[in-house]
Structure formats: C-alpha cells, structure tokens
Amino acid sequence: MLANGRVHPNGIVHAPAAAEIETRTPVIRVTDLVKDYSRGTNVVHALRAVTLQVQAGEFVTVMGPSGSGKSTFMNLVGCLDRPTSGSFLLDGVDVPSLSRSQLADLRNHKLGFIFQGFNLLPRMDALDNVMLPMVYAGVPGSVRRVRGLAALDAVGLAERAHHRPNEMSGGQQQRVAIARALVNAPSLILADEPTGNLDSRTSVEIMAILQRLNRAGATIVLVTHEPDIATYSSRTVAFKDGTLLSDQPNRRIVLASETLAEWPAEEDAA
Ligand code: ADP
C-alpha cells in the first residue's frame, strides 16, 4: 500500500479521500520559516517567518515577483538548503535536524524535481536519464528498467526510451524529466518554472500531464510567473518581500485537456 498519496511510477496512485486529507500528516508543514543571507556586512531577509502547510494530493502554484523568496522557499522545501530558523516537517520528518547524508537520502526517496531547463544528461538516452534517481536510491538494475519504462509510459513516451535529449523536442524532454521525477514514488514533486522554456501549447500539454498525475494522487508544488499556468492548479500562494502575500484556493480550476481540445486548429498544425 502506498503511503500518504505517494505517486507510483506508473502514475496510478491511491489518492486520499477528501475527509482523509484533513487528518493526515501534511506533506509540507513549515512554521515561522526564516532564511537570512549575509551579503558583506548586510543581511538579506529572503524569507520572513513563513508558515504554510501543503496536504497530500494538493497542486499548489507559487507566484510572486523576482526577489520575493520563491527560490529560497523551494530550495528549503527541496532540502537543498537549511533555514536560519523555524521548523520544517516533510512528510512528518524534521528536516533541519538531519545530517547531510540523511538529507540526500530524504531527497532521493521523498522528492521529485522538475526544472525549467529539463536538466537531462545529454549523453544518456531517455530511459537512462529516468533510471538515474533509482541508481542513487540503490534500486536493483532489473527493477530500475521496469519502473523506468513504466514512468516513460505514464508520460506517453515509451517509444522514445532510447532517444537522447537532442533527438527530442522541448516538450518531450520535459516529459522525460517528469518521468524521472516520478520513478522513486516521491511524496512531493517540486517543479521550478517547468513551462518557462516551452511554447504555449506545449506548456498546456505539460500541465495536462501534471494535472493527470495530481488527480492520481501526486502532490505538486510548482513555481510560475504565468497567471495562466496557475489556473490549472488547485491553490495559489504568492510571496512578496519574503512573506506570504496571499494563499487562495483556485475557485475555477481549468482543465488543461479541455484547453487543448479547444486549441485553434491552425496553431495545432504549427
Ligand atoms: P525569487 O525566487 O522570488 O526571485 P529568491 O528566493 O531568489 O527570490 O531571493 C529572495 C531574496 O534573497 C532576494 O533579495 C535575493 O537577492 C536574496 N538571495 C537569494 N539567494 C541568495 C544568496 N545565495 N545570497 C545572498 N542573497 C540571496
């Protein structure tokens, strides 16, 4: 049985029921999270006592102007940096108290990352790229292959398993990166402007895949500058000057599959 709405590499997950979500351990629980950077003799207050929870099964968009603290927040939640003060529980685990190797282990097992620039290794084919997080997690080779192919299948790219990144379009490369983010059945997928390098239609295709994974139970936190992209998520939090400016459920979630179905035909052919 998969715990806490974790996403299986094949994209099929037991999503928690609405009533269940309320009583479960949040995937993210940050309380009074502070991050200061020292710059010479000055201190930059990148995050000022941010308190926020994300429950399993949510799809949260993070917005805010440049310099508002989005990357700092994502780096902390992604266990890539440590807070100056405050508490952070990831799936109930007290992250700031962990050693470096425990943090790396936690990242491998509980988090999947998707980046604006895809970050695929150019000399490896799609399947090898997707299997890489399982190498770090110590998954046996035969299991890696089966799970890697299932993850590629979940993003509609099974037939491209042996293509290298430079033989694929940007949208296909981002789908490989999504498959890579899924393979260790993470508790949380962190996406940093995943559509920032893609054209409008391909961006909606990527959002359709993320919405499908979310409906299947994946918990997603996604940074974007584009208000249109936020309409596909279920909740939007906005940062300003290192604080939470707003935190709103999206009243009308747009279905990316419907946007695609209504896409003008002439652009479709382009
Ligand atoms: P955003 O992602 O919203 O653009 P950031 O989290 O990158 O915002 O930055 C928040 C603030 O922290 C900014 O004032 C930025 O200059 C500062 N900052 C971010 N990273 C560092 C760092 N490594 N050293 C010093 N200041 C930093």
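The values are calculated or read from the model by the stated rules, or taken from the named source; none is laboratory data. All values reported here derive from a predicted model rather than from experimental measurement. Neighbour counts are summed over all protein chains in view; Cβ atoms, including those assigned to glycine, are modelled from backbone coordinates with ideal geometry.
Below, the figures for the structure above:
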read-out: Selection status of SER234, among the small types (Gly, Ala, Ser) and either free of Cβ contacts under 8 Å to residues at least 24 places away in the same chain or within 13 Å of MET63 (Cα to Cα) (or both); value: no
read-out: Residues of region 72-102 satisfying the condition of being more than 13 Å from ILE28 (Cα to Cα) and crowded, with 19+ Cβ neighbours inside 10 Å; value: THR72, PRO83
read-out: Matching residues in region 60-83 - criterion: being within 12 Å of the ligand (Cβ to nearest atom) and of a type in the set (S, T, N, Q); value: SER66, SER68, SER71, THR72, ASN75
read-out: Of all residues making up region 48-103, the number that are on the phi > 0 side of the Ramachandran plot and under 20 Å from the mean Cα position of the chain (by Cα); value: 6
read-out: Tally of residues being under 20 Å from ALA191 (Cα atoms), hydrophobic (A, V, I, L, M, F, W, C) and more than 13 Å from the ligand (Cβ to nearest atom) across region 21-59; value: 7
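Okay, residues lined up against (1) at pLDDT 95 or above; (2) more than 27 Å from ASP199 (Cβ to Cβ):
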{"residue": "GLY57", "(1), (2)": "yes, yes"}
{"residue": "MET63", "(1), (2)": "yes, no"}
{"residue": "ASP81", "(1), (2)": "no, yes"}
{"residue": "SER101", "(1), (2)": "no, yes"}
{"residue": "PHE118", "(1), (2)": "yes, no"}
{"residue": "ARG147", "(1), (2)": "yes, yes"}
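So that you can scan it fast, the table gives a plain yes or no per residue for (1) modelled with pLDDT under 95; (2) of a type outside the set (Asp, Glu); (3) in contact with a strand residue (DSSP E or B) (Cβ under 8 Å, 6 or more places away or on another chain):
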position	(1), (2), (3)
ALA185	yes, yes, no
LEU188	no, yes, yes
ALA191	no, yes, yes
THR195	no, yes, no
SER203	no, yes, no
GLY217	yes, yes, no
ILE229	no, yes, yes
ARG235	no, yes, yes
LEU255	no, yes, no
